[in-house]
Amino acid sequence: MQFGLSMFVTDETIAPIELGRAAEEAGFDALFIPEHTHIPASRESPWSGGPELPREYWHTYDPFVALAAIAATTERLRLGTGIALIVERDPITLAKEAASLDVVSGGRFELGIGAGWNLEEMRNHGTDPAQRFRVMRERALALRAIWTQEEASFHGEHVDFERIWSWPKPVQDPHPPIWIGGTGPRVLERVVEYGDGWFPNMRDLDELGPRIAELQQRAADAGRGRIPVTYFGLRHADDEKLEKLAAAGVDRVLLMLPPAGEEETVDRLERYAALAAGHR
C-alpha cells in the first residue's frame, strides 16, 4: 500500500508549507486537506462524530490556496482535496482552479469530492440539499468536459453552458483523478459512472472488503478496469488496522493527523511514517 496524510490545516495549526515539507521529507506519498467554506452558526445539521463540532471545521484554510502553497515548496508529494464540497462550488471556476493547481504542481493534483453533510452550509451556497447528489454528478461531468475539450459545452438540469474556452488544461492525461467520497448505498454506482477512484472512510473496517469486491465487480460489468481505492482519514492507526485495509484491497491509506501545532504534528507524522514503513 501507499501512505499519505490528511489533516484539517487551520490558522491555529502547523502552517501548510511546514506540513507539506515535513510530509515529503518523511517519505509520505500524498497529502490531502478538507474543505468547509464556513459553518452556519445555527448548527442544525448533526455531525456524525458527536454533539460538539470541532473548532477546526470553521477555521480550515481554503484547500486550493493551501495546496498551492504546498505545491510551490515540495517536489514529489501528491496533493489533494479530501474532500472538496463540489456542490458549493461553481463548476467553471472549480475547473480553472483545479487545472491551475495541476499545472503549478507539475501534475500532482487529485480532486476528492463529496456532496457534504451540513445542509445549512450548502443552502447558503444556493444548493437544495435534496438535489445535492444530482448537482455533484453534473458538476463532476462538467469538470471533465472543461478539462478535456478545447471548446467545452455541457447541458444538464443543474449545470448548463455552451461553447466555452478555459485554460490552462491539466498536466495529467486526461485530467486529475476524481475520487468520490462517501459510503452510502449508491456511492459505488457514482464511482463507476463518473469517478476515477473511491474514497471511503468506513468506521467498521471489516465491512470494507465486501464493498470493494462489489465495486470491482460493478466496474468489470461496466467494462472498466480495476478502480483504485484510497481509504480516507484513518484515525489512531495501528498495525491491525493497516493489515485489515491491505487485506480488503485498499491501494492507499491517508492517515489522519490531529489539528495541532508544528511540534506535535511533526512528532505524530514521524511515528506514522515508521508505522507505514512496515506495510509498504
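For the range 17-62, the C-alpha radius of gyration sits at 1.54 times the compact-globule guess of 2.2 N^0.38 Å, with N the residue count.
Normalising the average separation of contacting C-alpha pairs (under 8 angstrom, six or more residues apart) by the number of residues puts the relative contact order of the chain at 23 percent.
Shape class of the range 1-157 from the alpha-carbon gyration tensor: oblate, with a/c at 1.5 or above and b/c at least as large as a/b.
When a 1.4 Å probe is rolled over the protein heavy atoms, the share of accessible surface on the range 16-98 that falls to carbon and sulfur comes to 54 percent. Which shape class applies to the range 14-98: rounded if a/c is under 1.5, otherwise prolate when a/b exceeds b/c and oblate if not, where a ≥ b ≥ c are the square roots of the Cα gyration tensor eigenvalues? Cα axes put the range 14-98 in the oblate bin. The trypsin sites (Lys or Arg not before Pro) of the range 140-218 meeting both criteria, a DSSP state outside H, G, I, E and B (loop) and at most 13 other C-beta atoms within 10 angstrom of the site's C-beta, are R186, R203.
Taking every DSSP beta bridge that has both ends in the range 1-156, the antiparallel portion is near 15%. Simple spin-label estimate for E214 and R186 gives 1.5 nm between the two label positions (7 Å along the Cα-to-Cβ direction from each Cα).
Could you tell me which of rounded, prolate or oblate describes the chain, using a ≥ b ≥ c as the square roots of the eigenvalues of the alpha-carbon gyration tensor, with rounded for a/c under 1.5 and, failing that, prolate when a/b is larger than b/c and oblate otherwise?
rounded
The separation of the range 244-275 from the range 50-107, counted between C-alpha centres, amounts to 19 Å.
What the range 1-84 shows is 41 Å² of accessible area per residue, with the surface traced by a 1.4 Å probe over protein heavy atoms. Solvent-accessible surface of the range 218-273, taken per residue with a 1.4 Å probe and all protein chains present: 50 Å². Could you tell me which of L141, H155, P177 has its Cα farthest along the dipole of the range 127-193 towards the positive end, charges placed at Cβ (Lys, Arg +1; Asp, Glu -1), taken about the Cα centre? Result: P177, furthest along the dipole toward the positive end.
If you model the range 204-280 as an ellipsoid using its alpha carbon gyration tensor, with each semi-axis the square root of five times an eigenvalue, the axes come out at 29, 12, 10 Å, biggest first.
The portion of the accessible surface of the range 168-280 made up by carbon and sulfur, rounded to a whole percent, is 47 (1.4 Å probe; DNA, RNA and ligands excluded). Candidate cross-link partners of K96 among the lysines, defined by an alpha-carbon separation under 30 Å and a same-chain spacing of 8 or more, comprise K169. Put simply, the amide H of H36, placed in the peptide plane, has no neighbours under 5 Å, leaving out anything fewer than 5 places away on its chain. As a length-normalised measure over Cα pairs under 8 Å and 6 or more apart, the relative contact order of the range 94-190 settles at 39 percent.
The values are calculated or read from the model by the stated rules, or taken from the named source; none is laboratory data. This is a predicted model, so every value here is computed, not measured. Backbone-built Cβ (ideal geometry, glycine too); neighbour counts: all protein chains shown. Side chains are part of the model used for accessible areas, which takes the heavy atoms of the whole protein and leaves out ligands, DNA and RNA. Shrake-Rupley method; radii C 1.70, N 1.55, O 1.52, S 1.80 Å.
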